[in-house]
Amino acid sequence: MKKNIFRSILFVGLSVFIITFILSDVVLYRYFIGEQQKQQLDEAHLVGHALENEGNSYFDSLEDKDFRITWIDDKGNVLYDSDSNVDEMDNHLSRKEIKDALAKGEGQSKRYSKTLLYSAVRLQNGTILRLSSEYYTIWFIALLMIQPIMIICIFVTLLSVLCADYLSKKIVEPINSIDLEKPFATKTYKELNPFLLKIFVQQNQLKKQEKMLEKKSREFAAVTSNLDEGLILVNKDLNVLTTNKAAEKIFCNDYSFGLNINDFCKVDKISDLFDGKSFDYKTTNITINNKYYEVTCSSITSNNEITGYALLIIDETKKKMAEKIRKDFTTNVSHELKTPLQVISGYAELLKQEVVDEEDRNIFIDKIYSESHRMISLVNKIIYLSQLDGDDLYTNYEDVDLYECILSVIDSLKEEANSKNVKLLVDGESIKVKAVYQLLFGAIYNICENAIKYNKENGFVNINLKIVDNHAVLTIADTGVGIDEADKERVFERFYRVSKSRSKENGGTGLGLSIAKHTIERFMGSIEIESKIEKGTIIKVSLPIVE
């Protein structure tokens, strides 16, 4: 308060001074410029009369250099100029003072860029005589006044500071001396007695409430701060009273107190829970940042009136994902096993009924054999995936030469590549990584096998191995049919196939890339895919090298 009073008094004093200075400067400027314009115009008339009486000889005897004289004909051409060569000067007919002189007999104008004042008069013979000289600007006048003004300014400032300091101290001294614990013990202004009485009453109430609130706050903080679930309490007007850290993290909002629940959560489904009626609880499901949450809301009542609401937010993401994975896995396994079982059952039934010609029996038997072999392969891969989820297969880590492993994979796939006229090109160097050889071999085998299966006739598979930032980077690029942009993120899912009909023709199960990704990631590596339809696919595998 003291500072505000001090600043107010000082501000008033300085404001009056500044306004007075500005107004004085403006008044003096207008006075000086008006006098100068009048004087210059009178001088122009006098020079004009002298020029009419004496002719051009007047300029020969002219010695006054206080102003510049220019003589101009009625076409705007300069006949004489006291400062410049007339041959180098341009036509002056467009100048304001010349126009006014031709039209009215006299004219004046200012050039602010050079602070020049021009006065022109029309002579009896139709020519124009113009005088020009510098005039005082408002800043020049202010500069002339600066010295006395500074003395006044210092005096006014010191006087304002002293008065402001003295008055502010006297005004706030009784108020500062009030003892809030015993407000009536200090003598002060009578006008403050109602205020002091309120302080006295509120002090007693606050002491009681403070003890109660401290106790409840400690209890509430102890209970809610360690909750993994989000907790929000709002009043009947839906303004947030308190939240725990979990709720603030879920809704990415650190500041909550006083905010409306809709502004805090910014989820429409939550606002739909409140209808102004009392209820035991309501639930809804929301999604935030690709996470699933279950929101349970209960109304809080007192004397049959709603006083607020409590919201509990539980993260259901892991549960939802687990349910989805189980459902998808069950559906895919059932579908994948159903087809070969139906084929085997159908052919076996035909053979049992002996309705098949003798020459077709071997075809049926071969079909039963191939489908059963495909089913066995599928079951083995499912079992293999289940084993990958555990840790038993990852106990025999060793330093594996990745380049030698790649050459072994290529050797195993030569026959399959030759059957499709696909050329396998390998380039790289010996690089060692920490892995389990058999698992790493299987992962690379699956990737390379896909590159051959889904390649074009007479296509290529380019395999490159090099070191980048202490990582072995294996690039497998093919010239195959490619993968659509929408399918790129899903090719590593279990049983996902870009084209099921094409995959089945090639004997694909949709598990190869899933096994490869799972294996690479367990070896602290990463796998990425780039592909365009009919342009081929590039898969990059990165593994940390052995130091």
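Residues in the stretch 425-463 that are farther than 21 Å from Ile533 by Cα, among the hydrophobic types (A, V, I, L, M, F, W, C) and out of contact with any Asp or Glu (no Cβ under 9 Å at 6 or more places or on another chain): Leu425, Val426, Leu439, Leu440, Phe441, Ala443, Ile444. Glu349 meets all of the listed conditions (1) modelled with pLDDT under 75; (2) surrounded by fewer than 10 Cβ atoms within 10 Å (Cβ to Cβ) but one, namely (2). Evaluated against (1) out of contact with any Cys (no Cβ under 9 Å at 6 or more places or on another chain); (2) at pLDDT 90 or above, Leu424 falls short on exactly one condition, (1). For the stretch 492-516, a residue qualifies if it is out of contact with any helix residue (DSSP H, G or I) (no Cβ under 8 Å at 6 or more places or on another chain) and either of a type in the set (Ser, Thr, Tyr) or at pLDDT 70 or above (or both), and the qualifying residues are Ser499, Ser501, Ser503. Residues that are open to solvent by 50 Å² or more (accessible area, probe 1.4 Å) and in contact with a Gly (Cβ under 8 Å, 6 or more places away or on another chain) number at least 1 in the following strands (runs of 3 or more DSSP E) confined to the stretch 236-307: 240-243, 291-302.
Pick from Ile286, Ile250: which is touching a residue at least 60 places away in the same chain (Cβ under 8 Å) and more than 22 Å from Ser217 (Cβ to Cβ)? Residue meeting the stated conditions: Ile250.
Checked against the criterion of being surrounded by fewer than 16 Cβ atoms within 10 Å (Cβ to Cβ) and modelled with pLDDT under 70, the candidates Ser84, Ser61, Ser94, Ser15 yield just one match: Ser61. Inside the stretch 83-107, residues that are touching a residue at least 12 places away in the same chain (Cβ under 8 Å) and among the polar types (S, T, N, Q) make up a count of 2.
Kindly evaluate Ser119 against the criterion of being of a type in the set (Gly, Ala, Ser), under 60 Å from the mean Cα position of the chain (by Cα) and not in a loop (DSSP other than H, G, I, E, B). Criteria not met by Ser119. Which numbered condition trips up Glu323, out of (1) in a strand (DSSP E or B); (2) modelled with pLDDT under 75? Among (1) in a strand (DSSP E or B); (2) modelled with pLDDT under 75, the lone unmet condition for Glu323 is (1).
Would the stretch 477-491 turn up any residue that is open to solvent by 80 Å² or more (accessible area, probe 1.4 Å), among the basic types (Lys, Arg) and at pLDDT 90 or above? Scanning the stretch 477-491 turns up no residue that is open to solvent by 80 Å² or more (accessible area, probe 1.4 Å), among the basic types (Lys, Arg) and at pLDDT 90 or above. When Asn455, Asn450 are checked against the criterion of being in a loop (DSSP other than H, G, I, E, B), surrounded by 21 or more Cβ atoms within 10 Å (Cβ to Cβ), at pLDDT below 90 and not aromatic (Phe, Trp, Tyr), Asn455 stands alone in meeting it.
Just for the stretch 512-540: of the residues that are hydroxyl-bearing (Ser, Thr, Tyr) and touching a residue at least 40 places away in the same chain (Cβ under 8 Å), which one is surrounded by the most Cβ atoms within 10 Å (Cβ to Cβ)? Among residues in the stretch 512-540 that are hydroxyl-bearing (Ser, Thr, Tyr) and touching a residue at least 40 places away in the same chain (Cβ under 8 Å), the one surrounded by the most Cβ atoms within 10 Å (Cβ to Cβ) is Thr519. Each residue in the stretch 385-406 was checked for being among the acidic types (Asp, Glu), modelled with pLDDT under 60 and not in a helix (DSSP H, G or I), and 1 pass. Residues in the stretch 422-435 that are touching a helix residue (DSSP H, G or I) at 6+ places or on another chain (Cβ under 6 Å) and either of a type in the set (Lys, Arg) or more than 17 Å from Ile463 (Cα to Cα) (or both): Val433 alone.
Just wondering, is there one or more residues in the stretch 233-243 that are more than 22 Å from Glu305 (Cβ to Cβ) and either at pLDDT below 80 or not β-branched (Val, Ile, Thr) (or both)? Taking every residue of the stretch 233-243 in turn, none turns out to be more than 22 Å from Glu305 (Cβ to Cβ) and either at pLDDT below 80 or not β-branched (Val, Ile, Thr) (or both). The single condition among (1) open to solvent by 30 Å² or more (accessible area, probe 1.4 Å); (2) of a type in the set (Val, Ile, Thr); (3) over 42 Å from the mean Cα position of the chain (by Cα) that Ile410 does not meet is (1). Checked against (1) assigned to a helix (DSSP H, G or I); (2) open to solvent by less than 50 Å² (accessible area, probe 1.4 Å); (3) at pLDDT 90 or above, Ala443 passes all but condition (3).
The values are calculated or read from the model by the stated rules, or taken from the named source; none is laboratory data. Everything numeric in this text was worked out from a predicted model, so none of it was measured. Note that we place each Cβ from the backbone using ideal geometry, even for glycine, and neighbour counts take in every protein chain shown. The protein model used for the area step is the full one, side chains on, heavy atoms only, and it has no ligands, DNA or RNA in it. Shrake-Rupley method; radii C 1.70, N 1.55, O 1.52, S 1.80 Å.
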